[in-house]
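Here's the structure we're looking at; comments come further down.
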Amino acid sequence: MHAPEVVRGRVIAHRDGYGFLARDDGGEDLFLPARQMRGLMHGDLVACEVRTSRRGGRPTLGRSGVVVEVIERNHRVVVGRFFRAGGLSFVSPDHRNIPHDVAVPDGQGADGEMVVVELADSPTGERWGDGPPTGRIVERLGDPERPGMAAEIAIRSHGIPHVWPEDALAEAERVPLEVTDAARDRTDLRGLPLVTIDGADAKDFDDAVHCAPGPGGWKLTVAIADVAHYVAPGSALDREAAVRGTSVYFPGRVVPMLPGRLSNGICSLNPEVDRLCLACEMHVDRRGRVTRAFFRDAVMRSRARLTYLEVEAAVFAGDTGARRRLGGLLPHLEALREVYAVLRRARQRRGAIDLEIGEPRIVLADDGGVSHLEPAPRLVSHQLIEECMIAANVAAARRLSRGRVPFLYRVHPPPDEEGLRELGSFLGRAGIDFDPGEELRPAAFAAAAEQAAGRPDTEILHLMLLRAMAKAVYQPGNTGHFGLALERYTHFTSPIRRYPDLLVHRALRGGEGVCTREEMAALGQSTSAAERRAEEASRDALSRLVCQHLRTRVGDSFAGRITGVVSFGVFVRLDGLQVDGLVHVRSLGGDWYRFDRAGRFLEGEATGRRFAVGDEMEVRITGADPDERRIHLEPVALDGTPAGGEDGPRRGGRRGRGRGPGRIRGRDRGRRF
């Protein structure tokens, strides 16, 4: 007999009771049936024996797991709603991947309020009994509808570190508030009119830019906050920054990677004050190629804190008043516009992928509640800064790749074969030519995205392209960046809010506090996980706020397009809001609808009416549930025919991926690069 195959991995729980094991070795996920999940919680690290499902004595394609050891429990605390029933007290977890209620025998609280529970034990499972996990309430958060609660709930539900250790705060207090003698041996850039360009609500400024014409092109300077000067390797601040991994952004709030004394103070490139920086000086030729790049320890003084809207108005829209307000800075911004144009053309030539996908933006009222919801603007000024940062990141990767100091590349794998087949089938039905070829290149995706531009369903087509792609991660081994069509890439430009960038700064200085390649690989895994955690928490809070707001708009009608099809209905993205809701199959008219899994469409057996990705549909909001992050829709009848359907097949996509009934699917940029 062969010894059973045992693998390690993290549990991915589903609210319906079953789950999956995401294997540490990168192999195919294992299915965990409900009976195995009784003793597990989402994120637990476990060892499983691999079982191959058999049917009629023959192995099938399905592979499942049998838990042989729980190595590490993921949840120490759970946040959820407190309630009483039948003389017992329970907490219903807010995290959608935790299906177990938590018993709190001595719990005190008001029904329906949000509380934080410290787990005393974990669910026991079938081999150890069937008891629920138990715990004790350690924090009462209060009414989930209170302004600011969406972020508070998400922070605790996703385990975002938000309390500063005392030793880290003590170190931060010893950091000077002003630049002192540290500037003495640095290149002095205080005479260079560097400016920061950020969103209107930004508080920490990582990067400043300047551009001037030069021989055969331009001299582009990207100055980055010198966080490494103030955060020493192995210090309390460094340890906490590594644990946090990234700053986490919510509407109206940020959980920073570094204390405010650094992130908003001495490290931030605030206007009209001296700041230490690591400057990347690049010579860009007229074809958009960086022919030379130098990194200098420098001291600088930002001339202005500009916003994207100001730069858009003055430089790209030609607004006379905006141009006048910029005064002597305008020639440098015009040079930035010129270098952006050549960098953008170089991006297009190498086949980088450009996807325009709308995102919802929450506008808060003075009391912290939701004022309204609108699409987040995507301006040319955003792209200008993006191209400057990409150029500096590439220069850093190129410089470090020639040395021996380990650092973290930002890598983006190509899509897998199954995803490519599904995407090709979908795009073909939508009339888009897509030929990935024997050796897949980003240019194939870029060409498909360009063909989709200008169509009424452009956003949906771009959304499908995005969903087919893998997630970018951090690792010490270079495998290239598929989305940007780059041989090597890293993150260098945001050390205030991203830990990998801080590691790159240290590597550029020769590897102060250098760690081994194995230690760097572990940091890559932990910071990639922290990035995913931050994205999920931000998306969760946004979804809750969207649902709270849309409850006030029940009965309102919207035009929209189908973004996903599942057996129980279709997801529709609401025009002007950029959020998705569910039209349940029961609302699609008096017919029995068959779900075509391969084609990803619903088809009525009696009428032949189809509902597929890309179809237009006018819908009405019938409800919104903040706890479940679900928006409920129904079609608006037109001449007795549900909007969006038509008899027989129609041109359009057929592929979609449901994420549960009506859950909001905004911020698909979670898969951005």
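The values are calculated or read from the model by the stated rules, or taken from the named source; none is laboratory data. Quick caveat: nothing in here was measured; it's all calculated off a predicted structure. Cβ atoms come from the backbone with ideal geometry, glycine included; neighbour counts cover every protein chain shown.
Could you count how many residues in region 467-480 are under 30 Å from F250 (Cβ atoms) and more than 17 Å from the chain's Cα centre (by Cα)?
1
So in region 391-419, with the set limited to residues that are more than 24 Å from F492 (Cβ to Cβ) and over 22 Å from the mean Cα position of the chain (by Cα), which one is modelled with the highest pLDDT?
Of region 391-419, the ones more than 24 Å from F492 (Cβ to Cβ) are 415-419.
Pick out the ones that are also over 22 Å from the mean Cα position of the chain (by Cα) and you get 417-418.
Values: E417: 84, E418: 80.
Top of the filtered list is E417.
Residues to consider are G351, G358; find the one that is of a type outside the set (A, V, I, L, M, F, W, C), buried (at least 18 other Cβ atoms within 10 Å of the Cβ), more than 14 Å from E386 (Cα to Cα) and touching a Pro at 6+ places or on another chain (Cβ under 6 Å). Talk me through it step by step, then tell me what you get.
Numbers: G351 fails: buried (at least 18 other Cβ atoms within 10 Å of the Cβ).
Selected residue: G358, the only one of G351, G358 that is of a type outside the set (A, V, I, L, M, F, W, C), buried (at least 18 other Cβ atoms within 10 Å of the Cβ), more than 14 Å from E386 (Cα to Cα) and touching a Pro at 6+ places or on another chain (Cβ under 6 Å).
Based on this model, can you work out whether R573 counts as closer than 22 Å to A452 by Cβ, charged (D, E, K, R) and either part of a strand (DSSP E or B) or at pLDDT 95 or above (or both)?
yes
Evaluate the following for D29: is it charged (D, E, K, R), closer than 25 Å to S543 by Cα and modelled with pLDDT of 85 or more?
Working: charged (D, E, K, R): yes; closer than 25 Å to S543 by Cα: no; modelled with pLDDT of 85 or more: yes.
Answer is no for this residue.
Just checking, how many residues over region 593-605 are assigned to a loop (DSSP other than H, G, I, E, B) and modelled with pLDDT of 90 or more?
Of the residues in region 593-605, 1 are assigned to a loop (DSSP other than H, G, I, E, B) and modelled with pLDDT of 90 or more.
If G431 meets every condition in (1) under 23 Å from the mean Cα position of the chain (by Cα); (2) modelled with pLDDT of 90 or more; (3) of a type outside the set (F, W, Y) apart from one, which number is that one?
Just one mismatch for G431, condition (1).
Run down P193, P133 and say which single residue is at pLDDT 95 or above and not assigned by TED's automatic domain parsing to the domain that holds E628.
Just a single option satisfies the conditions, and that option is P193.
Results for (1) assigned by TED's automatic domain parsing to the domain that holds D207; (2) free of Cβ contacts under 8 Å to residues at least 60 places away in the same chain; (3) under 30 Å from V339 (Cβ atoms); (4) of a type in the set (S, T, Y), shown as yes or no for each residue.
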residue: R421; (1), (2), (3), (4): no, yes, no, no
residue: S425; (1), (2), (3), (4): no, no, no, yes
residue: R429; (1), (2), (3), (4): no, no, no, no
residue: A452; (1), (2), (3), (4): no, yes, yes, no
residue: T479; (1), (2), (3), (4): no, no, yes, yes
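Can A154 be described as of a type in the set (A, V, I, L, M, F, W, C) and surrounded by fewer than 19 Cβ atoms within 10 Å (Cβ to Cβ)?
Against the criterion (of a type in the set (A, V, I, L, M, F, W, C) and surrounded by fewer than 19 Cβ atoms within 10 Å (Cβ to Cβ)), A154 does not qualify.
Of (1) within 26 Å of G159 (Cα to Cα); (2) touching a strand residue (DSSP E or B) at 6+ places or on another chain (Cβ under 9 Å); (3) surrounded by fewer than 24 Cβ atoms within 10 Å (Cβ to Cβ), G191 satisfies all except one. Which?
Among (1) within 26 Å of G159 (Cα to Cα); (2) touching a strand residue (DSSP E or B) at 6+ places or on another chain (Cβ under 9 Å); (3) surrounded by fewer than 24 Cβ atoms within 10 Å (Cβ to Cβ), the lone unmet condition for G191 is (1).
What number of residues in region 503-527 are in a helix (DSSP H, G or I), at pLDDT below 95 and polar (S, T, N, Q)?
2
Within region 481-502, is even one residue among the aliphatic types (A, V, I, L, M) and in contact with an Asp or Glu (Cβ under 7 Å, 6 or more places away or on another chain)?
For region 481-502, residues among the aliphatic types (A, V, I, L, M) and in contact with an Asp or Glu (Cβ under 7 Å, 6 or more places away or on another chain): present.
In region 296-332, which residues are of a type in the set (S, T, Y) and not in a strand (DSSP E or B)?
Y308, T320
Go through (1) at pLDDT 85 or above; (2) crowded, with 17+ Cβ neighbours inside 10 Å; (3) within 25 Å of G159 (Cβ to Cβ); (4) out of contact with any helix residue (DSSP H, G or I) (no Cβ under 8 Å at 6 or more places or on another chain) and name the single condition H42 misses.
Single failed check for H42: (1).
Restricting attention to region 386-413, which residues are buried (at least 17 other Cβ atoms within 10 Å of the Cβ) and among the acidic types (D, E)?
Correct list: E387 only.
Name the residue, out of P500, P495, that is touching a residue at least 24 places away in the same chain (Cβ under 8 Å), under 28 Å from A208 (Cβ atoms) and part of a helix (DSSP H, G or I). Explain how you work it out, then say what you get.
Numbers: P495 fails: part of a helix (DSSP H, G or I).
Residue meeting the stated conditions: P500.
Condition first: out of contact with any helix residue (DSSP H, G or I) (no Cβ under 6 Å at 6 or more places or on another chain), closer than 17 Å to S302 by Cβ and either at pLDDT below 90 or basic (K, R) (or both). Can you find one or more residues in region 199-222 that meet it?
Checked region 199-222: no residue is out of contact with any helix residue (DSSP H, G or I) (no Cβ under 6 Å at 6 or more places or on another chain), closer than 17 Å to S302 by Cβ and either at pLDDT below 90 or basic (K, R) (or both).
L278 - would you say it is out of contact with any strand residue (DSSP E or B) (no Cβ under 8 Å at 6 or more places or on another chain) and not in a helix (DSSP H, G or I)?
Numbers: out of contact with any strand residue (DSSP E or B) (no Cβ under 8 Å at 6 or more places or on another chain): no; not in a helix (DSSP H, G or I): yes.
Criteria not met by L278.
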